[in-house]
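Down below is the structure, laid out as structure tokens.
The values are calculated or read from the model by the stated rules, or taken from the named source; none is laboratory data. Because the structure is a prediction, the values reported are computed rather than measured. Note that we place each Cβ from the backbone using ideal geometry, even for glycine, and neighbour counts take in every protein chain shown. Heavy atoms of the whole protein, side chains included, go into the accessibility calculation; ligands, DNA and RNA do not. Shrake-Rupley method; radii C 1.70, N 1.55, O 1.52, S 1.80 Å.
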Amino acid sequence: VIAAVTDIRLAIILIAIPSVIPNIYQVWKYRSSWKQQFPLRSLSILSILGSGIGILILIEIDPKILSRGLGAILLIYIISRRLHAFSFTQAQKKLLAAPAGFLAGIAGGTTGVSAPVILMYLTAIGLSRDAFIFAISVYFIAMGSGQFVWLLASDLMTLELTFISTITLIPIAAGMWAGNFIGKRISSEHFNLFLQLFILGLGLKLIAFT
């Protein structure tokens, strides 16, 4: 959403801290659900490396091209969800964990949005709800922390932007409260349909009007 209304580089900087802090609570809350269903450590470590390469690409490439790339990622994600395009065997789950983390890290570094890439992997391996939340929260902590360090090293993250990124935790906290309130009143099927239509609209906007 931020990338759709402002510069994509600023959007990436603003979400650096919020992508980490809320997920620490999620990891603690759902830690008992994790039974080593796939190599989460490899996925997380490779996502840090991927995010560093993504930041290097971010510095060099025209932001308009990156915005269109983000739009394409969102459209691919929606298509894969609607068609249930991916399903992995146990061996494939282990084999693809590191590449999935690496590609998601690159997507996060260049566009600020790695969720569609990592979700295509995690939704295909059949985790329980609690294990899914734990795994994706660990991933976001690893990738977001690495991204913050890479942004500092590349001089994109200033003290002022660090402060602004931190205070965005306030509206995020309000949004989490509102999400819990709404979640008790509508079905997950209706919410997922609305979310997919919203993401589809964002993807089309980024491709057609950037």
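Here are a few things to note about the model shown:
- For the chain, accessible area per residue (1.4 Å probe, heavy atoms of protein chains only), Å²: 55 Å²
- Normalised by the number of residues in the chain, the mean separation of alpha-carbon contacts (under 8 Å, six or more apart) gives a relative contact order of 39 percent.
- Taking the three principal axes of the alpha carbon atoms in the chain, the coordinate ranges are 40, 36, 31 Å, sorted in descending order.
- Under 27 Å from Lys64, Cα to Cα: lysines that are on another chain or at least 8 residues apart: Lys205
- In order along the stretch 8-20, the Karplus-derived 3J(HN,Hα) couplings, from 6.51 cos²θ - 1.76 cosθ + 1.60 at θ = phi - 60°, round to 5, 5, 5, 4, 4, 5, 5, 8, 4, 6, x, 6, 9 Hz, and Gly and Pro are given as x.
- Aspartates and glutamates whose Cα lies under 19 Å from that of Lys35, excluding same-chain neighbours fewer than 8 positions away: Asp130
- Residue among Ala97, Leu83, Gln147 farthest towards the positive dipole end of the chain, charges placed on Cβ: Leu83
- Charge dipole of the stretch 24-97 (Cα centre as origin; +1 on each Lys and Arg Cβ, -1 on each Asp and Glu Cβ, all else neutral): 460 debye, rounded to the nearest 20.
- Along the chain, longest interval not containing exposed trypsin sites (Lys or Arg not before Pro), exposed being DSSP loop plus at most 13 other Cβ atoms within 10 Å: 36-183
- When the solvent-accessible area of the chain is split by element, carbon and sulfur atoms take up 71 percent of it, the probe being 1.4 Å.
- Under 14 Å, Cβ to Cβ, from Arg9 - net charge with Lys/Arg +1 and Asp/Glu -1: -3
- Total charge dipole magnitude, the chain, about the Cα centre, Cβ charges on Lys, Arg, Asp, Glu only, Debye to nearest 20: 760 debye
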